[in-house]
1. Would you mention how many residues in segment 59-98 are of a type outside the set (A, V, I, L, M) and in contact with a Gly (Cβ under 7 Å, 6 or more places away or on another chain)?
2. Please determine, by comparing only the residues of segment 13-68 that are at pLDDT 90 or above and among the basic types (K, R), which one is surrounded by the fewest Cβ atoms within 10 Å (Cβ to Cβ).
3. What do you reckon, is I113 in contact with a Ser or Thr (Cβ under 6 Å, 6 or more places away or on another chain) and surrounded by 15 or more Cβ atoms within 10 Å (Cβ to Cβ)?
4. Checking the condition assigned to a loop (DSSP other than H, G, I, E, B) and within 19 Å of I10 (Cβ to Cβ), which residue from K115, K105, K92, K55 passes?
5. Would you be able to say whether some residue in segment 60-77 is outside any helix (DSSP H, G or I) and β-branched (V, I, T)?
6. Give me the residue from segment 65-115 that is within 14 Å of the chain's Cα centre (by Cα) and small (G, A, S) and, out of that set, farthest from A29 (Cα to Cα).
Amino acid sequence: MRKIIAFSAIVATVVLFANCSSSKKTTAAVPKFSYEANVQMAITTNCSPCHISGKGNKKPYDNFANVKADIDEIIRRVELNPTDRGFMPFRKAAKLSDSTINVFKQWKTDGLIEK
């Protein structure tokens with residue numbers, strides 16, 4: 001959880017400094033979320049051991065192709081309330097943080113980039 005918060009703080013700092021320029025109007029490219037840089041850590045932290053191959057009995061989300069194929073379902077299920085049928089992460093009593101859920105959403109918005 002600390003890694004996700006630290007990463008979110010870094011991203012916020014980068015965005016802040018990218019928009020604080022004294023030069024003439026320049027457009028700084030905002031870094032896009034990718035599977036390897038952003039999503040993989042969220043999966044490892046929040047979806048193991050159930051969705052890590054060799055450790056769980058669910059569809060493995062330890063690779064880009066499987067997560068990309070199921071991103072809509074992943075987002076739908078992590079946004080459910082803990083009392084709703086299909087809520088993920090299954091064995092947790094609380095929802096993932098908004099910042100973690102936004103990692104999945106932003107990755108989808110940015111085009112499901114792998115690297």
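1. Qualifying residue count for the region: 1.
2. Per the stated criteria, the residue is K32.
3. yes
4. K115 is the lone residue from the list that is assigned to a loop (DSSP other than H, G, I, E, B) and within 19 Å of I10 (Cβ to Cβ).
5. No, segment 60-77 has no match at all.
6. Residue satisfying both the conditions and the ranking: S97.
The values are calculated or read from the model by the stated rules, or taken from the named source; none is laboratory data. The structure displayed is predicted, hence computed values, not measured ones. Note that each Cβ is placed from the backbone with ideal geometry, even for glycine, and that neighbours are counted across all protein chains shown.
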